[in-house]
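Rule-based calculations on the coordinates, nothing more; no lab input. What you see is a predicted model; the values in this text were computed from it and never measured. With ideal geometry, Cβ positions are generated from the backbone for all residues, glycine too; neighbour counts draw on all protein chains shown.
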Amino acid sequence: MTPGYKPHPIDKIWTARGSRSVNPGYVLVNNKDYPSIADDYVRSFKLLRTLPVDVIDPAGFKAYVDSKEKAFNAELAAQKAKQ
């Protein structure tokens, strides 16, 4: 890891490739160590949708982002329901 690097949810989206949801154990609601994690995920999805895709299949990239955003929203809703 690069010195001074601060993890960001976009990293979790890419490292979770192949999974169907947010990485297990991630606290999205009332996270005392990372209070803005859910908001950062939302910003990450918005950013991903604005990036030009010229290396991989653009439709495949969009489908991948869509599936990760759907999984994130489901996990966020489930965690909010437990509060």
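The listed peptides 71-81, 36-46, 50-60, ordered by packing as a protection proxy, come out as 36-46, 71-81, 50-60 (highest mean of other Cβ atoms within 10 Å first).
For the pair Ala74 and Asp33, label points projected 7 Å from Cα toward Cβ lie 2.5 nm apart.
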